[in-house]
Each structure stands twice: as C-alpha cells, then as structure tokens.
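Enquirer: Let me begin by handing over the structure; questions about it come next.
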Amino acid sequence: MSHSSNHSSDTSRGAIAAAFREKFGRAPAVVARAPGRIEFIGNHTDYNGGTVLGAAIDRGVWVALAPANTGVRRFASEQMPGVVEQPAGALARLSGPAAWVNYPLGVLAALPEFGLGVPEGFDFLATSDLPSGAGLSSSAAIELASALAFLAVTGQSPSRETVVKAGRYAENHFVGVPCGILDQGVSGFGRKDHLVFIDCRGPRFDTVPMPAGAQFWIFNTHTKHALVDGLYAARHHECMEAAQALGVGLLVEAEPAMLEAAKAKLAPAIYKRAKHIIDEIARVDATVLALRAGDLATVGKNLTASHRSSQLLFENSTAELDFLVDTLTARPHVYGARLTGGGFGGAVMALTSEQFSADDAAQVAAAYAKKFGATPDILHTQTGDGAALLS
Ligand code: ADP
Ligand code: MG
C-alpha cells in the first residue's frame, strides 16, 4: 500500500466490479464505499455526553452487491478467504473464519429496527484499502458501506443519521462491541477537507472546514495494555462517580468552577478524571473556533494539550505513546500530536504541514524502534469523503 493515496472513485468502482464479476460471474448492481476515521480531539468525552471531532480519512471499505432470487446470501471479501453462504433470513451470529460476516449480518439485523426492509438473496463482495483492527474503524466502514448497498438495492433512502444509527446498532447489539457514536458518525458524515463535529447528547452532527494543507500521520504501536478492558470500565466508572459527586447527570453539565469548589471532597483520582473530561470538552470547542479561523498552530497546541491531559490526568497514555508525542512535537512541521482512540496503547496521530515528509516519519519510527525494539506502522492520510453510493 502506498503511504498517501487519493483514490479515484471511478477506478475503484471498476476494480471492485471486476473482482465481483470474477467471483460471482456477473456484474454488481450497486457499489458503496465508506471511509475509516480518526478521533481528532475529544478523548473519552462521548459517554460523558460531550463533544468530539473526528476525521473521515481517504481510505475505506467498498461493498459491491447484486440481488439474487436464489434465497441464498453469498458473502465474500477480498481480505478474507472463501465465500460464506447463508440462507436469506438467517441471522445467527457466526464464529471462526466467517466471523467477519457478522458486520453485514448485523446491518441486516439492524435495518428492520429502524423500520427499513432488507434484501433477501444476494451476492456480496467487500474490499478495502483500510488497515483492519488498527483503530481506524474498518468495522464502521464495512457496516456503513453494507447498509448503503442493502438500502440501494431495495430502493430505500433513509436519512444519513438513520444509516449511522443502524451501523452503530449492528456493532453494539449484533457484533457486541460497545462503541460510541464517533465511528459510524464520522464515517457517515465525513467530508473531504472537513472534520466531523459530534455533540454526543443528540447525537447532533456537523462539519467544520479543515484548513488546506493539513496532513495526518498515524503511528500505530500495536501495543495494548493487558488490562485495557478493565481500565476502560474503571475510567467510565470514575467519570460517573465524579458526575454524581458534582450533582450532575453527566460531566458535560459540570462547570470548571463546580469542580474546583468540590475538589476537597473528591478523591484525587476522581478529581483528575473529571478535570480531563471538562477541559477536553472545552478544548473541542476551542479547536472548532481555531479551525474556523484557519489557525492550525492553535489547533495543534490543543491536540498536544489533549495528550498531556490524557497522560497526567486521565492516565490513559503509555510510555510508548508519550515517547511518540514527545518526539513528534519536537520536530518542525508538526502542529501537534496526541494519542487517538481509547488509549492504554494503540496509536498516536500527528497533525502536520505538507512539509513533513515520509523521511521525517521514518526518523520518528527509527527513534521509537531504538527505544522500544519494535517498529510502529506509519500511515499518511488526510481527510476524505463520507459513506456514499458510487453508482
Ligand atoms: P477496527 O474497526 O479498528 O478496524 P475492529 O476489530 O473493530 O477494528 O474491526 C475489524 C473487523 O472488521 C475485522 O476483524 C473484520 O471482521 C471486519 N472487517 C473490516 N474490514 C473488512 C474487510 N475488508 N473484509 C471483511 N471484513 C472486514
Ligand atoms: Mg472497530
């Protein structure tokens, strides 16, 4: 895969249509595509009712689909071996090598929950230029591309918000991953040269222009804290405990002054968690203003401040992530850097100017390798369009 890519939809549609013909001996009726996403700023704000900014990136998942009157659903992916056959209407969760089919199956289970119909028999082919399992939400991308394809062949066009909610429903209730609204919301509402703003309480979606020339560099450490699930649950619990102590339903309702007034009666850890969330929500708002002013320097400072808050207050960073942020922010052409996603391992994102080069990124990776004995994956990407039908 190339470091940076700007895919032409036409070329990609042709490529997946050809692969579909090879696999199923006929042309697809529709092709849909949905992008991956990065959490730009707004760390652990979602379940506190706060706001978050995400970026749809220029990589994603395509789904080609053709209805069949065989009563059989055939699922294939260029990234997975074999063809998985299911009788139309079967909605049992699959395991083993076929488990990836749970994403499109989950969408088929979700659509009726939103009053929508689903196709009976069909042939389905997915392909992707988005690394999967790398925190870029290939799961939301395959859900939304599947949803758009299923809706198109049944002649339905619900609101984008409904498609987003159906994708999330599939992931939460069928696949069983308790993700927030960021993944599907950004994949669904993404727009090239924009970021997606989400007020998680609605949820309410908006886009904010991204000043020209801004680039993303993602360094995935492939590290994962052994206790990550328990640590997530602990942070969630601490946030709810803080909200209760401050007399609010969710931390989004708490003012900084309320927190300071209550500081003496809060356990130090609870105070720190709440301060991170309250400050982070304010940083999201400040970042929206800086973006609207075209002020990438201030945007970058907010990103790095978000990381420092994760490091010192929310304590969801690690030595690996801190090293990457320190190394990146010490270099020219870097506006700012932060951990992206839940933390406790995973990836760091840097926002850079176009002058930041693959060579610069390689030097950062080499410094990391020298210290930690492993090389992070590097992905150079930028904003891209949200989920859409290509035909
Ligand atoms: P992430 O969303 O960060 O990429 P997840 O573990 O949530 O990681 O989702 C990855 C899963 O999504 C894969 O294990 C696979 O089941 C499914 N998936 C993603 N892309 C594809 C694809 N192109 N073909 C088939 N399945 C895919
Ligand atoms: Mg995912």
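The values are calculated or read from the model by the stated rules, or taken from the named source; none is laboratory data. In this text, all values refer to a predicted model and were calculated from it rather than measured experimentally. A quick note on method: Cβ atoms are made from the backbone with ideal geometry, for glycine too, and the neighbour counts reach across all protein chains shown. Heads up: the accessible areas ignore ligands, DNA and RNA and are worked out on the full protein's heavy atoms, side chains in. Shrake-Rupley method; radii C 1.70, N 1.55, O 1.52, S 1.80 Å.
Enquirer: Phe114 versus His333, label points 7 Å from Cα toward the beta carbon: distance in nm?
Expert: With each label point 7 Å from Cα toward Cβ, the separation is 4.0 nm.
Enquirer: Could you list the GluC sites (Glu not before Pro) in the range 281-384 that lie in coil according to DSSP, counting only those with at most 12 other Cβ atoms within 10 Å of their Cβ?
Expert: Listed in order of number, the matching sites are Glu354.
Enquirer: In addition: Once amide H atoms are placed 1.01 Å from N in the peptide plane, what residues at a sequence separation of 5 or more from Thr223, or on another chain, have their amide H within under 5 Å of its amide H?
Expert: Gly346
Enquirer: Using alpha carbon coordinates only, what is the Rg to Rh ratio of the chain, with Rh defined as the Kirkwood radius?
Expert: Rg divided by Rh gives 0.98.
Enquirer: Keeping every protein chain present and rolling a 1.4 Å probe, give me the accessible area per residue for the chain in Å².
Expert: For the chain, the per-residue accessible area is 40 Å².
Enquirer: Among the lysines, select those whose C-alpha is under 19 Å from the C-alpha of Lys301, and discard any that sit fewer than 8 residues away in the same chain.
Expert: Lys275
Enquirer: Under a GNM of the chain (C-alpha, springs under 10 Å), which listed residue has the highest mean-square fluctuation: Ala254, Ala140, Ala99?
Expert: For the chain, modelled as a Gaussian network with Cα springs under 10 Å, the answer is Ala99.
Enquirer: Quick one: Cα centre-to-centre distance for the range 319-370 and the range 23-40, in angstrom?
Expert: Cα centroid of the range 319-370 versus Cα centroid of the range 23-40: 30 Å apart.
Enquirer: Could you work out what % of the accessible surface of the chain is carbon and sulfur, using a 1.4 angstrom probe and leaving DNA, RNA and ligands out of the count?
Expert: Result for the chain: 53 percent of the exposed heavy-atom area is carbon or sulfur.
Enquirer: Name the residues whose placed amide hydrogens come within less than 5 Å of the amide hydrogen of Gly135, ignoring near sequence neighbours (fewer than 5 apart) on the same chain.
Expert: none
Enquirer: List the aspartates and glutamates whose alpha-carbon lies under 16 Å from that of Lys272, not counting same-chain residues fewer than 8 positions away?
Expert: List returned: Glu238, Glu241, Glu255, Glu260, Glu280, Glu315.
Enquirer: Helix 268-292 sits at what angle to the longest principal axis of the chain, using alpha carbons and giving 0 to 90 degrees rounded to 10?
Expert: The helix 268-292 is inclined about 70 degrees to the chain.
Enquirer: Also: Obtain the nm distance between the two label points defined at Arg292 and Glu78 by a simple spin-label model: each point lies 7 Å from its Cα along the Cα-to-C-beta direction.
Expert: In this crude spin-label approximation the distance works out to 4.1 nm.
Enquirer: Additional query: Please sort 228-235, 29-36 by packing, taking for each peptide the average over its residues of neighbouring beta carbons within 10 angstrom, highest first.
Expert: Output ranking for 228-235, 29-36: 29-36, 228-235.
Enquirer: If you plug each phi of the range 46-51 into the Karplus form 6.51 cos²θ - 1.76 cosθ + 1.60 with θ = phi - 60°, what whole-Hz ³J(HN,Hα) values come out, in order, with x for Gly and Pro?
Expert: Once θ is set to phi - 60°, the couplings for the range 46-51 become 4, 6, 9, x, x, 10 Hz.
Enquirer: Against the 2.2 N^0.38 Å scaling, with N counting residues, where does the range 132-219 land? I'd like the Cα-based Rg ratio to two decimal places.
Expert: Normalised Cα radius of gyration, the range 132-219: 1.14.
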